[in-house]
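To keep things clear, I will list the structure first and then write my remarks on it.
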Amino acid sequence: NDLLAQGAEPLMFLDYYATSKLDVDTARRVVAGIAEGCKRAGCALVGGETAEMPGMYGDADYDLAGFSVGAVDRNKVLPRFDDQRAGDVIIGLASSGPHSNGYSLIRKVIEVAGLSWASEAPFARDMSLAQALLEPTRIYIKSVLPLMKAGLIKGGAHITGGGLIENPDRGVAEHLTAQFDFDDWTFPPVFRWLMETGNIDKMEMLRTFNCGVGFVLYVAPKDADAVLAALLNAGEDAFVCGQLAARG
């Protein structure tokens, strides 16, 4: 998704797995998850590194990192700052959950609520908190990249740490800003639960979490309907959620 924000197509991924002593079953499940992510992104898992470091990690602990390489034609790199205008439409793509961000706060909310990861999720029927809160990050490559290659997208942002406050303007020209209408969508149940249970201010929610929007696209008003229709046909939950405005 970070590559996608540049208009790039992921080509390959490499992982790094470090632990005290290798547990083959755990490592197998981790690598299987990485392989599934690569499949969803249409890129190859070309290798990786596994390291055993007793004394550095606890017995069941492991450290996981990775990186991806992508490619984009030089004249199609996003964002296209010179082409962006006030009034361009912001289209949001729904997230699958917290997307790996804000988990220090999530763990604190679970503690305050007197729950554990094995507890039934109050916001998701027949799921534990672990199952509901560790839903894998949605990967938007296959639905969004064709629209970028067709020249219909002026820019975009992957909503990660910093949430909807800090991330969107990374893909916006300096004289503009992303202006959201937060009434255009309802926070998904997981975020409403975190907000209410943790007594978290709305601004803090928007700064910490994606609040249901995993990726945003900046599109000319004349192209917005076509882009929205294509995303919906590709299986995305997509919606208009604001516009670019002149920075005051």
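Name the residues in segment 215-245 that are open to solvent by 70 Å² or more (accessible area, probe 1.4 Å), outside any loop (DSSP other than H, G, I, E, B) and in contact with a strand residue (DSSP E or B) (Cβ under 8 Å, 6 or more places away or on another chain), would you? Full working, then the answer.
Quick first cut of segment 215-245, residues open to solvent by 70 Å² or more (accessible area, probe 1.4 Å) only: 221-222, 225, 232-233, 237, 243.
Imposing the further condition that a residue be outside any loop (DSSP other than H, G, I, E, B) reduces the set to 221-222, 225, 232-233, 243.
Pro221, Leu232, Gln243 - these are the residues of segment 215-245 that are open to solvent by 70 Å² or more (accessible area, probe 1.4 Å), outside any loop (DSSP other than H, G, I, E, B) and in contact with a strand residue (DSSP E or B) (Cβ under 8 Å, 6 or more places away or on another chain).
Consider segment 125-139 and keep the residues that are of a type outside the set (Lys, Arg) and crowded, with 18+ Cβ neighbours inside 10 Å. The one that is nearest to Ala8 (Cα to Cα) is Ile139. When we screen Leu145, Leu93 for residues that are under 27 Å from Asp223 (Cα atoms), at pLDDT 95 or above and in a strand (DSSP E or B), the only hit is Leu93.
Say whether the condition of being open to solvent by less than 50 Å² (accessible area, probe 1.4 Å), at pLDDT 95 or above and in contact with a Cys (Cβ under 9 Å, 6 or more places away or on another chain) is met by at least one residue in segment 62-74. Yes, because at least one residue in segment 62-74 is open to solvent by less than 50 Å² (accessible area, probe 1.4 Å), at pLDDT 95 or above and in contact with a Cys (Cβ under 9 Å, 6 or more places away or on another chain). Here Trp185 clears all of (1) at pLDDT below 95; (2) open to solvent by less than 30 Å² (accessible area, probe 1.4 Å); (3) touching a Leu at 6+ places or on another chain (Cβ under 9 Å) except the condition numbered (3).
Would you tally the residues in segment 90-124 being of a type in the set (Gly, Ala, Ser) and surrounded by 15 or more Cβ atoms within 10 Å (Cβ to Cβ)? Break it down stepwise before answering.
First, the residues of segment 90-124 that are of a type in the set (Gly, Ala, Ser): 92, 94-97, 100, 102, 104, 113-114, 116, 118-119, 121, 124.
Remaining after also requiring surrounded by 15 or more Cβ atoms within 10 Å (Cβ to Cβ): 92, 94-97, 102, 113, 121, 124.
So the answer is 9.
Candidates in segment 109-136 are the residues that are assigned to a loop (DSSP other than H, G, I, E, B) and touching a Ser or Thr at 6+ places or on another chain (Cβ under 6 Å); of these, the one that is nearest to Leu194 (Cα to Cα) is Ala113. Would you be able to say whether some residue in segment 162-181 is touching a His at 6+ places or on another chain (Cβ under 8 Å), crowded, with 16+ Cβ neighbours inside 10 Å and of a type outside the set (Val, Ile, Thr)? Within segment 162-181, one or more residues are touching a His at 6+ places or on another chain (Cβ under 8 Å), crowded, with 16+ Cβ neighbours inside 10 Å and of a type outside the set (Val, Ile, Thr).
For the condition among the acidic types (Asp, Glu) and closer than 21 Å to Asp184 by Cα, what is the one hit in Asp126, Asp73, Asp83, Asp88?
Values: Asp126 fails: closer than 21 Å to Asp184 by Cα; Asp73 fails: closer than 21 Å to Asp184 by Cα; Asp83 fails: closer than 21 Å to Asp184 by Cα.
Result: Asp88 is the single residue among Asp126, Asp73, Asp83, Asp88 that is among the acidic types (Asp, Glu) and closer than 21 Å to Asp184 by Cα.
The values are calculated or read from the model by the stated rules, or taken from the named source; none is laboratory data. All values derive from a computational prediction rather than experimental measurement. Cβ coordinates were reconstructed from backbone atoms using ideal geometry, including for glycine residues, and neighbour counts include every protein chain displayed. Ligands, DNA and RNA are excluded from the accessible area calculation, which covers all protein heavy atoms including side chains. Shrake-Rupley method; radii C 1.70, N 1.55, O 1.52, S 1.80 Å.
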